[in-house]
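Worksheet for the structure shown next.
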Amino acid sequence: MTRVLEQKDDSDSATGPPPDTPQRDRAVVRDALGVGVAVGLSGFAFGVTAVEAGISTAQACALSLLVFTGASQFALVGALAAGAGPLTAAAGAFFLGVRNAFYGLRLAALLRLPRAVRPLAAHMVIDETAAVTLAQRTRRSARIGFTVTGVTVFVLWNLTTLLGALGAGALGDTATWGLDAAGPAVFLALLAPMLRTGAARATAALGAALGLGLLPVLPGGVPVLLAALAAPAVLLAQGLRDRRRGRKPGGGCAASEDGIGTGTGTEEATGTAEATGTEEATVPEEAPGSEDGAGPGEGRL
């Protein structure tokens, strides 16, 4: 018995997630630091853009400290620079930041942090922390990746926002430096390895098409929310395709390779099994012992 249990434990460890080791922890920290530094430096671009849009240095730093979501901050100062009113600019930034709430739902179940640190952790739920965390295979690695990425981005983003705001005149146009493209480029680099299946690639392509196509006609932030509809749309199309493949051309039910058919086929099979089982169930009562040793329970099958 002990030998059987040991063999079972060995098989479970072979098929389960890899164990946490110091080498794995260092690899997670290295990757998280790389993402955090690359994204944190783009705070320079926000500081410069904010000052050019008429926002003071103190206001720009307050946005990075309290809002801390780069896309929404850029949307806000971009709308102000284009002449939009404060409420309109804030509304666009709000809609763009709603996506972080969906990240939080997934990360809360994955990280399972203590209640005392959840408010601080919620403030660090952004694109980059979500991407690094979801790429990990164990809870320990996920917590390390989330913490290191979040702290690194937060510290550098606020520091470079201050430096960018103070040195706005010296830096000039951010397009010359390309700092405003650092954040999106890093996020795309994190997303690309996750597109392993056809459904994932179709979702990404449809989401990009929706976001770019609706951007000229809708307020800022709304195209991003509507682009999220790509995921349920692709899942619905995949489900309909699978259902069509599971039916015969004449409308009947075709069993799949693993023996599982559609709902109609299941009902028919159930009804046949019940009818057959009722008829066969009477046989063991008349003749309890059969030559092949099949009992009443086996007769029903």
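The values are calculated or read from the model by the stated rules, or taken from the named source; none is laboratory data. Note that the structure is a prediction, hence the values are computed from the model and not measured. Virtual Cβ from ideal backbone geometry, glycine too; neighbours counted across all protein chains shown.
Only helices (runs of 4 or more DSSP H) wholly contained in region 25-92 count here; list those with 1 or more residues that are modelled with pLDDT of 90 or more.
Working: elements: 43-52, 57-62, 70-81.
In region 25-92, the matching helices (runs of 4 or more DSSP H) lie at 57-62.
Which of the residues that make up region 105-142 are surrounded by 18 or more Cβ atoms within 10 Å (Cβ to Cβ) and of a type in the set (S, T, N, Q)?
Thr129, Thr133, Gln136, Ser141 - these are the residues of region 105-142 that are surrounded by 18 or more Cβ atoms within 10 Å (Cβ to Cβ) and of a type in the set (S, T, N, Q).
Among the residues of region 134-149, are any under 12 Å from the mean Cα position of the chain (by Cα) and in a helix (DSSP H, G or I)?
yes
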